[in-house]
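Supplied in structure tokens, the structure appears directly below.
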Amino acid sequence: MADFTIKQGDTAPVLTDTLTYSDGTSVNLTGATVNLVLRQLTANAPMLNKSATITSATNPATVSYTFTAQDTANAGQFVGNWVVAFSGGSQMTFPTVGDLEVTVEENLTTAGGARIISLGEAKDYLQIPSTDRSRDARLIKFIDQLRPVIEGITGPILQRLVSETYDGGSPWISLRYRPVLSVQSVTEYRGPIPYPLTQVPSPDLGTIYSYMFEPPGRIVRRTVGGGQTSFPNGADQVFVTYTAGYAQVPANITNAALELLRTHFQLTQQGRPRPGGSQVDDDESTRPIMGFFVSGRVREMLAPNVRHPSIG
């Protein structure tokens, strides 16, 4: 569980902390300056290194930082430190052992953050009262981690924009990611010259430079009179941009995701048995989330949506 959580784009609450040495004694911040440094888990450089406020110099020594909307513009997991420059010229980092864990949670007004199942659905399936928010952060981690596991079996579920190139020489192209919701553009190259193609709804509306999209994922090159013609010969002659995924998550995928979540979430709960009979005694704040094993039951639920074989 994070030490501090704030919503994406928000400027409150204020991050406050009490600084102590490793033996628990209070730090004396009289005459000192303090910076808050935050770095995203996957980054090599800090995303924030700004002056903080000393709210109490000693007994206890407390500091605070008020975020700006720019500070919280990007959701994610961050590690943080308070860097103290003392009046005598020395410098020290707090906490002296480990780091602060700061979470910027996605909001609903910024693009991104789609999930296969909602937190509410997960809590209902796990019979966790909606008013119990003590495990929300951990559940969200599980939900985010099961998405690539399921999409590895089914192909895209949540909508994504895909840009790809294809070889020419054939009158049709089979798109790699299915199902396809819509095709945004198709461009063929004849030598160095691009020719954007127009999508037509039926063969009789074909033009010299047109194509038809045939669900769930095929593009057919049409020409005048509705006939088929081949895309230009050669490697990487056709550029396609399309949206893959579902307009709404199918019920069987939702149920499979919930069952996969239940199986693995319950293994992390205190006193629950592991396979083989041993007991689990987890500290939820430090226990890593392990890789997912997909049971036969879950695979059966996902069987109607197994991904297109052309996906590598």
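Sorting check: for 239-245, 82-88, which peptide has the highest mean count of neighbouring beta carbons within 10 Å, and how do the rest follow?
Those peptides, ordered most packed to least, come out 239-245, 82-88.
List residues of the range 161-187, by number, whose backbone nitrogen lies under 20 Å from a label position 7 Å along Cα→C-beta of Val306.
Counting backbone N atoms under 20 Å from the label point, the list is 175-180.
What distance in nm separates the simple spin-label points at Ser230 and Arg218, each placed 7 Å from Cα in the Cβ direction?
1.8 nm
Which value in deg cm²/dmol, rounded to the nearest 500, describes the helix-derived mean residue ellipticity at 222 nm for the chain, given -39,500 (n - 2.57) per DSSP H run of n ≥ 4 and division by the residue count?
-5000 deg cm²/dmol
Distance in nm between label sites at Ser51 and Ile193, each 7 Å beyond Cα in the beta-carbon direction?
Label at Ser51, label at Ile193, 6.2 nm between them.
Going by C-beta contacts inside 10 Å, put Ile153, Ile143 in order with the fewest on the left.
Starting with the residue having the fewest Cβ neighbours, the order is Ile153, Ile143.
Can I ask one more? Mind giving me the FRET efficiency for Arg297 and Ser64? R0 is 45 Å, r the Cβ-Cβ distance, nearest 0.05 is fine.
0.35
Restricting attention to the range 80-121, which GluC sites (Glu not before Pro) occupy a DSSP loop and are surrounded by at most 15 other Cβ atoms within 10 Å?
Here no GluC sites (Glu not before Pro) fit, given the DSSP loop and packing criteria.
Pairs of Cα atoms under 8 Å, at least six residues apart: use those to get the relative contact order of the chain, whole percent.
Normalised by residue count, the contact order of the chain is 16 percent.
Whose amide H sits under 5 Å from the amide H of Leu29, counting only residues 5 or more places off or on another chain, with H placed in the peptide plane?
Thr58
7 Å from Cα along Cα→Cβ at both Thr11 and Arg147: what's the point-to-point distance in nm?
Taking the two extended label points, one gets 2.9 nm.
Also, I was wondering about something else. If amide H atoms are built 1.01 Å from N in the plane of the peptide, which residues on other chains or at least 5 residues away come under 5 Å of the amide H of Gly155?
Answer set, sorted by chain and number: Arg307.
Additional query: With just the Cα atoms of the range 160-244, tell me how far they stretch along each of the three principal axes, in Å, largest first.
In descending order, the Cα extents are 32, 29, 17 Å.
May I ask you to derive the FRET efficiency for Gln127 and Ser90 from their Cβ-Cβ distance with R0 = 51 Å, giving the value to the nearest 0.05?
So the FRET efficiency works out to roughly 0.45.
What is the ratio of the Cα radius of gyration of the range 4-105 to 2.2 N^0.38 Å, where N is its residue count, to two decimals?
1.06
Let me ask something additional. Could you give me the ³J(HN,Hα) list for the range 72-80, computed from phi with Karplus coefficients 6.51, -1.76, 1.60 and θ = phi - 60°, whole Hz, x at Gly and Pro?
Whole-Hz 3J(HN,Hα) from phi for the range 72-80: 9, 5, 10, 6, x, 9, 10, 10, x.
Another question, if that's okay. Which number do you get for Rg(Cα) / (2.2 N^0.38 Å) in the chain?
1.37
Dipole of the chain (Lys/Arg Cβ +1, Asp/Glu Cβ -1, origin at the Cα centre): which of Tyr65, Ser185, Gln248 lies farthest to the positive side?
Ser185
Any read-out appearing in this document is the output of simple, stated calculations on the displayed coordinates, not a laboratory observation. Just so it is clear, the structure is predicted and the values come from calculations on it, not from any experiment. Here Cβ is always computed from backbone atoms with ideal geometry, including for glycine, and neighbour counts include all displayed protein chains.
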